[in-house]
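Novice: Have a look at this one before I ask anything.
The values are calculated or read from the model by the stated rules, or taken from the named source; none is laboratory data. Since we're looking at a predicted model, the values are computed, not measured. Because the Cβ atoms are built from the backbone with ideal geometry, glycine has one as well, and the counts that use them run over all protein chains shown. SASA here: full protein model, heavy atoms, side chains in, ligands and nucleic acids out. Shrake-Rupley method; radii C 1.70, N 1.55, O 1.52, S 1.80 Å.
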Amino acid sequence: MRLLLIEDDLMIGESLEASLQHAQYAVDWVQDGHQALLALEHDLYDLILLDLGLPRLQGLDVLKHYRKQQGEAAVLILTARDAPSDRVKGLDSGADDYLVKPFDLDELLARIRALLRRKAGRTQPELAGNGLRLDPAKHQAFYQNQQIHLSVREFNLLQVLLEKPGQVVSRETLESKLYGWQDEIESNTVEVYIHLLRKKLGKDFIKNVRGVGYKIEEDA
Amino acid sequence: MPSIQNKLLFWLVLCIVLASSCSGIISYKKSFTATTELFDYLLQEVATSLPAHLDTKTIYQRDSLNKHIVVQIWNHKQHLIYSSNPEWKLPRYTQQGFQTITAFSTSWRIYTENRRSNYIQVAYQSSAVHELATELAIQAILPFALIIPLVLILVALIIHQGLSPFRSTAQALAERTPDQLEPLPTKKLPKELVIITRAINELLARLASALNAQRSFVADAAHELRSPLTALKLQLQLTERIQQEPQRSQALAKLHERLNRAIHLVEQMLLLARQESSLEPTNFQLHSINQLVVHAVQSQQALAQQKKIHLEAQTSPEDIQLLMNLSSMEILLRNLIENALKHTPPEGIVIVAVHEDNQAIVLRVVDNGCGIDAEEREQVFRRFYRATNNQQGGTGLGLAIVKSIAEQHHASIALLDSPLGQGLLVELKLPKNINKF
C-alpha cells in the first residue's frame, strides 16, 4: 500500500514517515501544496495523509483540486484545527476522515487500515481468498488455516492482489504499491517475490497473465 | 466612609438646628429689649397715674393682681405711706428715674419720682421680663422645630431619588459576566455620574482589547502547541516499537530533539506573554549600549564558530549610555543574532553594529543569509508567523518578542535589504530623548 504524506512540519513529517514505514507502508512525503499537486498528478496512491496548514497552497485547496481531477485515494486529514466547523469543512471538501493533532499512532494506523478497507469495498478487517487469510492489523497470514511466515514485501504483494480477487494487476502497479520514492527498486523484484510466494503457497496460487500482470483466482 | 446620604442628612440637620438656635437667641434678645421697654413705660405710667395727694397715714394694701409689681410711696418725712405689696419691703432708692437693682436676692427694675414732697417708687421683678421674652422666643423657633422632621423626610427622599442612577449603574455592572465588556450607556445619567461612567467605559474598553489579545494568543498557542506535541508523541510511540540498535538510539536522539523543541516553544511563549503583560516600562536603568552589544555577540560566538560563521560586534566610538530594561534588551539582541545565525549558511557573515545619528541610536544586525521576501517583512512580526523560505522550523515567536521589546523602548524596527549583497538587515532605532520614559 502506498501512502502520500503531505506535512510541512519537519519533525512531524520525519516521525510520521518513519512510523508508517515501520508499519510496512510505502510512503512518499511532500512538504508544501505545490509539491503535493505534482505528486498527485499520477494517481498511484491508496491513501493521502493531509495537513491543512501548508505553505504556498492550503491543504483544503490541494484536496479540492485533487477531487476535481477525479482522484480516488482515501484522504485522511491530520490537523491541529479542532473546531467542529473545520472538521465539517474538511470532510465536505472530499476528505474521508479527520484526525486532530496530537493523535495516537495506534489510532492513526487503525484509521488508515479502516480507510483502505473501505476503499477496497470490504467490511471485514481481514482479507481472504483461495484459502488464504491476511490480517493487516497484526500482519499475520494464514493458509489452509495454518499460520505461515511472510516477509513484509510478500505480505504487501499478496494484500494488493487479494484486494481485487480475479482481477489482473500489472507488474508496474504492484511495484508502485510496494516502493516509495526513497526505496531502491531492484529489477525483477516483483518476479522474485512472486517466485518466493509460489514456493510457499503452491505453483498455481498466483496466476501469471502473460504481458498483463498477475492475479489470484476468485473463490469458486 | 459613611454614606453620602447619611452625611448629607447629618449636616443638614446640624444646619437647621444651628439656624433655629441662632434665630431663637436673636428673637429672645429682641423680645427682651422690647419687653423691658414696654415694662418701663408701664412703670412710668403707673407712677404717673397715682393720686397726687395721699394722706400721711401708712397704707398697706395687698395688691393681689400682680405679685411682681411693687408700688411704694414715702412722704416728705421719709415715712412709707403706701405699699402695694407688704411682702416686698424694698428700700428707698434716692436716684430718680429708671435703674436696675438687686434686692431679696432677685433682680428688680425700679422707677422713682418726687412729686409734691412725696416720693414714689414703682418696681417690678426682672424675672417677669425674662419669662415673657423666653415665651416669645420659643414661639419664634417653634415652627423650625416642627419643620425639622418634615425637612428630614423630604431631603432623605430627594437624596434617595438623586442617587438612584448610581444604584442602577451599580446593578448593571454587578449583573455582568466577565465577558460582557461593552460600554455602559451614558444617556439619561446625571452629570456627576457621566464622568464616572465614562471612566469605567474607558477601562472596560482597555480590558476588552487586552482580553481579545489574550484570547487570540491562547487560540494561536493551542494550535501551535499541538505541532511539537504531535511530533513528540509520534516519535515516542515509534521509539517504543523499535527493538534493534542502532535505530533505537537514533530514534531516542530524535525524541530528545522534539522534546527540546516543545520546551523552546513553551519558553518563548512565556517570554512573550510576560513581555506583553508588562505594559509599563519597569526596571529601566542607564546602561552602556556598546557593552550590551559586546556581551550579546560574545555569548553567541560559540554557536557562530560551530556553524563557521564570522560574527562581529562593531561598537560606537563614543560610549552611549541609554535608559533600558537590560534583560529585555539582551533577549532582543539574542533573538536577532540567533535568527541571523540560523538563516546564514556556513562561511557567512553576521555583524552587530551600533552608531549614533542625529535623532537616534541605531543598532543593526546584518547577515548575508537567505533573507526575508520584501512582501513578508511586515508579517514576520506577527505571532506564530513563519516566513515561507524558513526551513529551520522556528517557533514563529522570536520577532514578535523583538517587536514587543522594541515597543517597550519606544524604538522603531525595520527589516531591510542587507548591504552584504544578500541577506537581511534588521535596524532598531532607539530614541535619544530619554525623558520619554
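Novice: Select, from A:GLY53, A:GLY33, the only residue that is closer than 21 Å to B:ARG386 by Cα, surrounded by fewer than 16 Cβ atoms within 10 Å (Cβ to Cβ) and not assigned by TED's automatic domain parsing to the domain that holds A:GLU175.
Specialist: That would be A:GLY53, the only listed residue that is closer than 21 Å to B:ARG386 by Cα, surrounded by fewer than 16 Cβ atoms within 10 Å (Cβ to Cβ) and not assigned by TED's automatic domain parsing to the domain that holds A:GLU175.
Novice: Based on what the data block shows, is B:LEU272 crowded, with 17+ Cβ neighbours inside 10 Å and within 14 Å of chain A (Cβ to nearest Cβ)?
Specialist: no
Rundown of residues vs (1) on the phi > 0 side of the Ramachandran plot; (2) in a helix (DSSP H, G or I); (3) open to solvent by less than 70 Å² (accessible area, probe 1.4 Å), yes/no style:
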| residue | (1), (2), (3) |
| --- | --- |
| A:ASP28 | no, no, yes |
| A:LEU38 | no, yes, no |
| A:HIS42 | no, no, no |
| A:GLY71 | no, no, yes |
| A:VAL75 | no, no, yes |
| A:ARG87 | no, yes, no |
| A:GLY94 | yes, no, yes |
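Novice: What number of residues within the stretch A:122-173 satisfy the criterion of being part of a helix (DSSP H, G or I) and not aliphatic (A, V, I, L, M)?
Specialist: Of the residues in the stretch A:122-173, 9 are part of a helix (DSSP H, G or I) and not aliphatic (A, V, I, L, M).
Novice: Out of the residues in the stretch A:1-26 that are within 13 Å of chain B (Cβ to nearest Cβ) and not in a helix (DSSP H, G or I), which is farthest from A:GLU72 (Cα to Cα)?
Specialist: The qualifying residue farthest from A:GLU72 (Cα to Cα) is A:ASP9.
Novice: Give the stretch A:106-136 a look and list any residue that's among the aliphatic types (A, V, I, L, M), within 24 Å of A:LEU5 (Cα to Cα) and either surrounded by 14 or more Cβ atoms within 10 Å (Cβ to Cβ) or away from chain B (no Cβ under 14 Å) (or both), or say none.
Specialist: Across the stretch A:106-136, the qualifying residues are A:LEU108, A:LEU109, A:ILE112, A:ALA114, A:LEU115, A:LEU116, A:ALA120.
Novice: Next question. Give me the residue from the stretch A:199-213 that is open to solvent by 70 Å² or more (accessible area, probe 1.4 Å) and outside any loop (DSSP other than H, G, I, E, B) and, out of that set, nearest to A:HIS149 (Cα to Cα).
Specialist: A:LYS200
Novice: Give the residues of the stretch B:239-262 that are open to solvent by 80 Å² or more (accessible area, probe 1.4 Å), away from chain A (no Cβ under 11 Å) and in a helix (DSSP H, G or I), sorted by residue number.
Specialist: B:ARG248, B:HIS256, listed by residue number.
Novice: In this structure, does B:ALA199 turn out to be open to solvent by less than 60 Å² (accessible area, probe 1.4 Å), within 14 Å of chain A (Cβ to nearest Cβ), farther than 30 Å from A:ALA23 by Cβ and not in a loop (DSSP other than H, G, I, E, B)?
Specialist: Answer is no for this residue.
Yes/no matrix, rows are residues, columns are (1) more than 24 Å from B:GLN298 (Cα to Cα); (2) surrounded by fewer than 19 Cβ atoms within 10 Å (Cβ to Cβ); (3) touching a Phe, Trp or Tyr at 6+ places or on another chain (Cβ under 6 Å):
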| site | (1), (2), (3) |
| --- | --- |
| B:LEU336 | no, no, no |
| B:PRO345 | no, yes, no |
| B:GLY369 | no, no, no |
| B:ASP373 | yes, yes, no |
| B:ARG377 | yes, yes, no |
| B:SER412 | yes, yes, no |
| B:LEU424 | no, no, no |
| B:GLU427 | no, yes, no |
| B:LYS432 | yes, yes, no |
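Quick grid of which residues meet (1) more than 30 Å from B:GLN44 (Cα to Cα); (2) modelled with pLDDT of 85 or more; (3) assigned by TED's automatic domain parsing to the domain that holds B:THR106; (4) within 24 Å of the chain's Cα centre (by Cα):
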residue	(1), (2), (3), (4)
B:VAL129	no, no, yes, no
B:ALA145	yes, no, yes, no
B:ASP179	yes, no, no, no
B:THR186	yes, no, no, yes
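Novice: Yes or no: the stretch B:212-233 includes at least one residue that is of a type in the set (Lys, Arg) and either on the phi > 0 side of the Ramachandran plot or in contact with a Lys or Arg (Cβ under 7 Å, 6 or more places away or on another chain) (or both).
Specialist: Yes - at least one qualifying residue is present in the stretch B:212-233.
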